[in-house]
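Each remark here refers to the structure printed beneath this line.
The values are calculated or read from the model by the stated rules, or taken from the named source; none is laboratory data. For clarity, every value in this text was computed on a predicted model and none was experimentally measured. Using ideal geometry, Cβ is built from the backbone for each residue, glycine included, and neighbour counts are taken over all protein chains shown.
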Amino acid sequence: MQIKSAKDLEVYKKGYLLAMEVFQLSKSFPSEEKFALTSQIRRSSRSICLNLREAWAKRRYEAHFVSKLTDCDGENSETDSSLDFARDCAYITSQQHGTLTALCREVGGMLGSMIKNPAPFLISER
């Protein structure tokens, strides 16, 4: 399958799934977390895909592409840490935490591979 958009990337699909799962779970967070953990975890999880779309638009320039992928990875790590807080505050179960942090690790591994070897994703100047 030819990749025509960042949306076609498996890492995008997994990142999107992560963001949607986080959104659903965070609906049940206490109201006092609305402007703290709830907002933060939603923003960081969504930013994985948003930064990936920006990276995709900058594929002509390796340094820009890798920089935006690094931003994606940072947002993914932030989401992972927020999931730790959600578990330790008893807003999510250990099982939910395990499922979502496993997805974070998977997304992080895929992003790491792209960062280490960006060439297949770049637009060549032929």
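Computed quantities for the displayed model
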| read-out | value |
| --- | --- |
| Residue among 78, 54, 32, 106 that is under 19 Å from residue 5 (Cβ atoms) and of a type in the set (Asp, Glu) | 54 |
| Selected residue (only one of 48, 41 is touching an Asp or Glu at 6+ places or on another chain (Cβ under 6 Å) and part of a helix (DSSP H, G or I)) | 48 |
| Residue selected from segment 1-27 under the condition of a type in the set (Lys, Arg) and over 22 Å from residue 93 (Cβ atoms), by the criterion modelled with the lowest pLDDT | 4 |
| So residue 28, is it assigned to a loop (DSSP other than H, G, I, E, B), polar (S, T, N, Q), within 24 Å of residue 8 (Cα to Cα) and over 18 Å from the mean Cα position of the chain (by Cα) | no |
| Condition met for residue 33 (at pLDDT below 95, surrounded by 13 or more Cβ atoms within 10 Å (Cβ to Cβ) and in a helix (DSSP H, G or I)) | yes |
| Test: residue in segment 58-79 that is within 25 Å of residue 29 (Cβ to Cβ) and aliphatic (A, V, I, L, M) | no |
| Residue match in segment 105-122 (condition: closer than 18 Å to residue 45 by Cβ, β-branched (Val, Ile, Thr) and part of a loop (DSSP other than H, G, I, E, B)) | no |
| For residue 75: the one exception among (1) at pLDDT 95 or above; (2) farther than 19 Å from residue 42 by Cα | (2) |
| Meets criteria (farther than 22 Å from residue 25 by Cβ, in a helix (DSSP H, G or I) and of a type in the set (D, E, K, R)) for residue 53 | yes |
| Flag if residue 42 is at pLDDT 95 or above, within 12 Å of the chain's Cα centre (by Cα) and more than 19 Å from residue 5 (Cβ to Cβ) | yes |
| Meets criteria (loosely packed, with under 13 Cβ neighbours inside 10 Å, modelled with pLDDT of 95 or more, within 18 Å of residue 120 (Cβ to Cβ) and out of contact with any Ser or Thr (no Cβ under 7 Å at 6 or more places or on another chain)) for residue 90 | no |
| Cβ pairs under 7 Å, 6+ apart, first in segment 5-25 and under 19 Å from residue 83 (Cα atoms) and touching a residue at least 24 places away in the same chain (Cβ under 8 Å), second among the aliphatic types (A, V, I, L, M) and surrounded by fewer than 17 Cβ atoms within 10 Å (Cβ to Cβ) | none |
| Failed item in (1) crowded, with 18+ Cβ neighbours inside 10 Å; (2) in contact (Cβ under 8 Å) with a residue 60 or more places away in the chain; (3) not acidic (Asp, Glu), with residue 49 passing the rest | (2) |
